[in-house]
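Structure first, commentary second.
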């Protein structure tokens with residue numbers, strides 16, 4: 001299971017504070033109070049990721065037809081779409097919600113994943129994404145992105 005960098009930092013800080021508190025006052029009751037809190041702090045991001053992944057895997061998205069990126073301008077916000085293309089750029093992996101710039105011969109669009117994919121995706125990889133069309137905060141009303149639900153990497 002993946003956790004974001006922030007979750008690892010929070011868990012590390014909580015573990016350090018717990019250890020320092022115990023070293024300052026070696027009290028078994030204090031340790032028995034703080035230890036479950038640290039375990040819960042580490043378990044919540046893992047549990048949330050697991051729940052999100054299970055939810056996405058249950059979705060039936062086979063009915064969503066493949067579209068070209070240039071045709072997404074004509075589709076409505078909130079509509080489910082499927083695109084296939086090449087990853088031009090990858091960012092936000094450290095947040096466990098990666099963002100991909102995907103291009104096909106007709107254009108380019110941003111894809112923000114709801115759940116991190118099982119496999120590592122890099123620039124140049126061929127992928128197919130199914131998700132929901134969302135508006136970006138761009139200058140034009142036609143600027144859109146995809147909130148990705150499922151991603152498949154092609155060999």
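Could you please find all residues in region 126-144 being part of a strand (DSSP E or B) and either in contact with a helix residue (DSSP H, G or I) (Cβ under 9 Å, 6 or more places away or on another chain) or farther than 21 Å from residue 57 by Cβ (or both)?
Those that are part of a strand (DSSP E or B) and either in contact with a helix residue (DSSP H, G or I) (Cβ under 9 Å, 6 or more places away or on another chain) or farther than 21 Å from residue 57 by Cβ (or both): 126, 133, 134, 135, 144.
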Task: Condition met for residue 123 (part of a loop (DSSP other than H, G, I, E, B) and either free of Cβ contacts under 8 Å to residues at least 60 places away in the same chain or more than 15 Å from the chain's Cα centre (by Cα) (or both)) - done: yes
TODO: Kindly indicate whether any position in region 71-82 is under 30 Å from residue 7 (Cβ atoms), touching a residue at least 12 places away in the same chain (Cβ under 8 Å) and part of a helix (DSSP H, G or I).
DONE: no
Open item on the list: Could you check region 97-107 and list, in sequence order, the residues that are within 15 Å of the chain's Cα centre (by Cα) and not in a strand (DSSP E or B)?
Closed with: 97, 98
TODO: Specify which of the listed residues (51, 37) is without any contact (Cβ under 8 Å) to a residue 40 or more places away in the chain and under 18 Å from the mean Cα position of the chain (by Cα).
DONE: 51
TODO: For region 87-96, indicate whether the set of residues that are part of a helix (DSSP H, G or I) and over 16 Å from the mean Cα position of the chain (by Cα) is non-empty.
DONE: no
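Every number in this text was worked out from the coordinates using simple rules, so none of it is lab data. No experiment lies behind these values; they were computed from the predicted model shown. Here the Cβ is made from the backbone with ideal geometry for all residues, glycine too, and neighbour counts use every protein chain on show.
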